[in-house]
Structure formats: structure tokens, C-alpha cells
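Taking it in order: structure first as C-alpha cells, then the write-up.
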Amino acid sequence: MERDHDLYATLNVSRTASKQEIKAAYLDAAKLSHPDKLAHLDSTRREAAAENLKRLNHAHETLTDPAKST
């Protein structure tokens, strides 16, 4: 599991970011890695984007759910 610092870095937000800032950063980053947006790329790049989207999802869920972030 990633350390908290890595989760903040994954979303490119500061450790003092609010839940709203975390959500906004997640949505912006997820748009760039979403499979529907990358259908024109080769399979290697689509797979890399899918892995990145998983990391983004994990970071967002962990940082916005108090039960998961402790």
C-alpha cells in the first residue's frame, strides 16, 4: 500500500488539501487517464493509463474516507 505522501503526490495536491481540492484534482487527473478518452492509443499505453487510473482511484478513496486514511 502506498504511503500517505505518495497518495497526495499521486493526485498532485498538498498534504493540507481539502476534500474538495482532492476531489477536483482527482476528477481532472481521471479525465486524462480514462479508457474512453484513450481508445485511439495502442494497447500498451491504454494499459498504462488504466493502471494510473487505479492509482488515482485508490488515492482519492483513501484520502477522502476518514476510515481508510487512518
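The values are calculated or read from the model by the stated rules, or taken from the named source; none is laboratory data. This structure is a prediction, so every number in the text was calculated from the model and none was measured. So basically every Cβ, Gly included, is an ideal-geometry build from the backbone, and we count neighbours across all protein chains shown. The area values use the complete protein model at the heavy-atom level, side chains included, leaving out ligands, DNA and RNA. Shrake-Rupley method; radii C 1.70, N 1.55, O 1.52, S 1.80 Å.
Report, ordered by the first and then the second residue, all pairs with beta carbons closer than 6 Å, sequence separation of six or more or different chains, a first member in the range 35-63 that is in contact (Cβ under 8 Å) with a residue 40 or more places away in the chain, and a second member that is open to solvent by 50 Å² or more (accessible area, probe 1.4 Å) and not in a helix (DSSP H, G or I).
Note: pairs meeting the criteria are 62/68.
Does at least one position in the range 28-40 carry a residue that is open to solvent by 80 Å² or more (accessible area, probe 1.4 Å), assigned to a helix (DSSP H, G or I) and at pLDDT 90 or above?
Taking the range 28-40 as the starting set, the residues that turn out to be open to solvent by 80 Å² or more (accessible area, probe 1.4 Å) are 28, 31-32, 36-37, 40.
Retained after the next criterion (residues that are assigned to a helix (DSSP H, G or I)): 28, 31-32, 36-37.
Those still in the list that are at pLDDT 90 or above too: 28, 31.
Within the range 28-40 (the criterion being open to solvent by 80 Å² or more (accessible area, probe 1.4 Å), assigned to a helix (DSSP H, G or I) and at pLDDT 90 or above), the answer is yes, since at least one residue qualifies.
Within the range 42-54, identify whether any single residue is under 12 Å from the mean Cα position of the chain (by Cα) and of a type in the set (Lys, Arg), and answer yes or no. Please lay out each step first, then the result.
First pass over the range 42-54, keeping only residues under 12 Å from the mean Cα position of the chain (by Cα): 49-54.
Checking the rest, the ones that are also of a type in the set (Lys, Arg) come to 54.
The answer is yes; a qualifying residue exists.
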